[in-house]
Amino acid sequence: MSAKPGLLLSVDGPCGVGKSTTVQAIGIHLRKIDIPAVAIRQPSTGLLGSYIRAQIDTYTGMALACLIAGDRHHQQRTEIEPALAAGRVVICDRYLPSSLVLQVRDGVGAETVQTINAGIRTPDLAVFLRAEPNVIDARMQARGGPRNRFHREADDGSWELEMFDDVAAKLTELGWPVHIIDTTSLSRHEIADQIANLLVSRLSRKTAPPM
């Protein structure tokens, strides 16, 4: 058994808000201070996750929700739990909150999404990144515009920002350790520093000897 238990960090937010670059920056920051960290993504980079990414414009509604939930359950068993048991910080680019936005947007009820994801662990820290809508739109255009039907079918990305804000509030009420960061005027390194400091604080509490 590891003397230092691992932590699960989830990073969610609208497309274009900077999740992937933030996840990479957090991993680099933690490794520099000798905290073992591994970055993953959902859908995963495994066989099922890669298939989902390739076919996300093909499958819709409940079919897509079940594929994503199945990939998430498999990744928890094969990647997340072993890494946590080894004392690593697992940084997940998209997690259950993204399903509570995108699959609900796709016509699946939030309760159904929760049901098919039953057993998925609550993260030790659930970060929600947000930014002003015009900033998100500019970032999306800078990287070539919308990449899947969820965003091509919408007039703008304000719906996604509003839904993530709503999900963050609801998960907070359910006891999730939610932390919201507005990235409008922050660099990825400033965001990573904030999150890394939160993680270090939580690691310190988990490894502190009992009083």
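The values are calculated or read from the model by the stated rules, or taken from the named source; none is laboratory data. Small disclaimer: the values here were computed from a predicted structure and weren't measured. Note that each Cβ is placed from the backbone with ideal geometry, even for glycine, and that neighbours are counted across all protein chains shown. Ligands, DNA and RNA are stripped out before the accessible areas are found, and what is left, the full protein with its side chains, is counted by its heavy atoms. Shrake-Rupley method; radii C 1.70, N 1.55, O 1.52, S 1.80 Å.
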Subject >> Segment residue 78-residue 60, length gained on full extension (0.36 nm per residue, minus Cα span) >> reply: 3.9 nm
Original post:
Does anyone have the angle between helix 19-32 and the longest principal axis of the chain? Alpha-carbon axes, 0 to 90°, nearest 10?
Top reply: 10
Original post:
Projected area of region 1-71, taken from the Cα convex hull and averaged over every viewing direction, in nm²?
Top reply: 6.5
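First measure r as the distance between the Cβ atoms of residue 206 and residue 182, then evaluate 1/(1 + (r/R0)^6) with R0 = 22 Å and state the FRET efficiency to the nearest 0.05.
0.20
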**OP:** Take residue 166, project a point 7 Å from its Cα along the Cβ direction, then tell me which residues of region 56-100 have their backbone nitrogen under 18 Å from it.
**Re:** 61-62, 96-100
Original post:
Roughly speaking, to the nearest percent, how much of the chain's 1.4 Å accessible area is carbon and sulfur?
Top reply: 53
Subject >> Three semi-axes of the equivalent ellipsoid, region 26-108, Cα gyration tensor, whole Å, largest first >> reply: 27, 13, 11
**OP:** Please work out how much accessible surface residue 163 shows to a 1.4 Å probe, ignoring ligands, DNA and RNA, in Å² rounded to 10.
**Re:** 40
Original post:
Taking the Cα atoms only, what angle lies between the long axis of helix 96-105 and the longest principal axis of the chain, rounded to 10 degrees?
Top reply: 10
**OP:** Mind checking the per residue accessible area of region 66-137 for me, 1.4 Å probe, whole number of Å²?
**Re:** 38
**OP:** Could you work out how far helix 61-75 tilts from the main Cα principal axis of the chain, as a 0 to 90 degree angle to the nearest 10?
**Re:** 20
Original post:
Largest first, how would 165, 71 line up by accessible area (1.4 Å probe)?
Top reply: 165, 71
Original post:
Taking the mean number of other Cβ atoms within 10 Å as a proxy for protection, how do you rank 9-19, 109-119, 39-49, 127-137 from highest to lowest?
Top reply: 9-19, 127-137, 39-49, 109-119
